Amino acid sequence: MTDLLLKNATLPDGRTGLDIAVTSGKITAIEPGIPGDAGTAIDCSGYLVSPPFIDAHFHMDATLSLGMPRMNQSGTLLEGIALWGELKPQLTVEAMVERALRYCDLAVSRGLLAIRSHVDVSDPTLRTAEAMLEVQRLVKPYIDLQLVAFPQDGYLRSPGAVDLLNRSLDMGLNIVGGIPHFERTMAEGTQSVELLCRIAADRGLPVDMHCDESDDPMSRHIETLAQQTVRFGLQGRVAGSHLTSMHSMDNYYVSKLIALMAEADIQVISNPLINITLQGRHDTYPKRRGLTRVPELMAAGLNVSFGHDCVMDPWYSMGSGDMLEVAGMGLHVAQMTSRKAIRQAFDAVTINPARALGLPDYGIAVGNPADMVLLQARNTIEALRLRPTRLAVIKAGKVIAQSAPQISTLSLNGRPDAVNSADYAPQTKNKTGKETR
């Protein structure tokens, strides 16, 4: 007998009226009208069933620490780093684990089941690494948590950082991080990129580097990262996170740079909520948006993902764990408002980060793990527009979070209906006569 049966589902690719059968934690069939009994049956009522959301860039060690030891008054990246430096001596493993687990509970309720977190390994105690490895162990049944060894204070700038990064990798962190734009000089930033890529190549590990998180158009470490990726044969295994300086670069230089990035198959991770908040702080008007060139990078064939980055920490006082909020900010700031572009924004928090994180067997397909989210929306565009209720979050065929549908007490067309029903969305027909939304 089927363990779980989802009836009348819509999939992100636009297929409708499908049933999804699950046995022993795996998807066994996707087709209309699957017969037979099931241990649990869910009537999807035509709503969207999506693969789980993925956060490609986060800082779990700092989450929910807002106001400790004080607030970020300037709202800048550098004051956030300084605040985090003041807080680090006060951190305990127990407190970091407790805050991270609270955040993970929130994440699951939003359908967020995979997170890549950067772990500050600049403190000689390596308490952050110890705490995040414990969190990784505790949430393993329901969240795929990847951990990046991140030398927050600079790989060459901070005393002992070289040894600390290697020790943290020995402890079990398994992605090499970096922050070249925070080194003392451009030359040292370039050197740090080479050294860190060499470590990754020697250890057989991926790279995910905070890169050019600046309004400075001359911060061009992504060029070095692309070159070193090719040099060490790391194509496809290297992510450049933030890349906000690309917003300010000369267009001709960018035309060359994007081609280099494509050659290296760099995984691009943009963080719209944080980039639009932290960047442009030194501008009067007009103010730069500070988001990397998402549509242009996508058009060049690069894999672009969106990350949440921060939730209630020294850098960002907001945050909800909702990747649809992240994608919504991304599509607005990058002016991705065509039908195709909006769907690409949805991909940037689902299938694109799955590729960036190297997650095997991701997606709603026969034979894959039954990891899914049922949203109270008719399609991906409506999901981004409304950020709807997550009616059910499913991990390995088991419902691990659920919410009651949002309904109106009014009678619409003589019947109560969901307040976010697509029945009342504008409809047009394309040249083939097919209905679109």
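The values are calculated or read from the model by the stated rules, or taken from the named source; none is laboratory data. Remember, predicted model here, so these are calculated numbers, not experimental data. Neighbour counts run over all protein chains shown; Cβ positions are idealised from the backbone, glycine included.
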Study note, to complete from the structure: Being of a type in the set (A, V, I, L, M, F, W, C) and within 18 Å of Ala56 (Cβ to Cβ) narrows Ile276, Ile199 down to just Ile276
Practice item. For region 291-303, indicate whether the set of residues that are at pLDDT 95 or above, touching a Phe, Trp or Tyr at 6+ places or on another chain (Cβ under 9 Å), part of a loop (DSSP other than H, G, I, E, B) and of a type outside the set (Gly, Ala, Ser) is non-empty. Key: no
Practice item. Identify the single condition in (1) over 30 Å from Lys395 (Cβ atoms); (2) of a type outside the set (S, T, N, Q); (3) modelled with pLDDT of 95 or more that Leu106 does not satisfy, given that it satisfies every other one. Key: (1)
Practice item. Go through the residues of region 324-336 one by one and say whether even a single one is at positive phi, of a type outside the set (A, V, I, L, M) and in contact with a Pro (Cβ under 7 Å, 6 or more places away or on another chain). Key: no
Revision key, fill the gap. Being of a type outside the set (Lys, Arg), farther than 15 Å from Glu213 by Cβ and surrounded by fewer than 23 Cβ atoms within 10 Å (Cβ to Cβ) narrows Leu302, Leu324 down to just Leu302
Exercise for review: Starting from region 65-89, take each residue that is assigned by TED's automatic domain parsing to the domain that holds Asp215 and closer than 15 Å to Ser122 by Cβ and list its partners that are part of a helix (DSSP H, G or I) and of a type outside the set (Val, Ile, Thr), counting only C-beta distances under 8 angstrom and pairs at least six apart or across chains.
Suggested key: Gly80/Leu278; Ile81/Phe182
Practice item. Restricting attention to region 62-95, report how many residues are within 21 Å of the chain's Cα centre (by Cα) and under 16 Å from Val139 (Cβ atoms). Key: 2
Exercise for review: Might you let me know whether region 373-383 holds any residue that is under 18 Å from the mean Cα position of the chain (by Cα), under 20 Å from Val268 (Cβ atoms), in contact (Cβ under 8 Å) with a residue 40 or more places away in the chain and outside any loop (DSSP other than H, G, I, E, B)?
Suggested key: no
Review point. Does at least one position in region 354-372 carry a residue that is out of contact with any helix residue (DSSP H, G or I) (no Cβ under 9 Å at 6 or more places or on another chain), in a strand (DSSP E or B), outside the structural domain of Asp105 (by TED's automatic domain parsing) and more than 30 Å from Cys211 (Cα to Cα)?
Key: yes
Practice item. Test Ser45 against the stated conditions and say whether it is on the phi > 0 side of the Ramachandran plot, assigned to a loop (DSSP other than H, G, I, E, B), surrounded by fewer than 23 Cβ atoms within 10 Å (Cβ to Cβ) and over 21 Å from the mean Cα position of the chain (by Cα). Key: yes
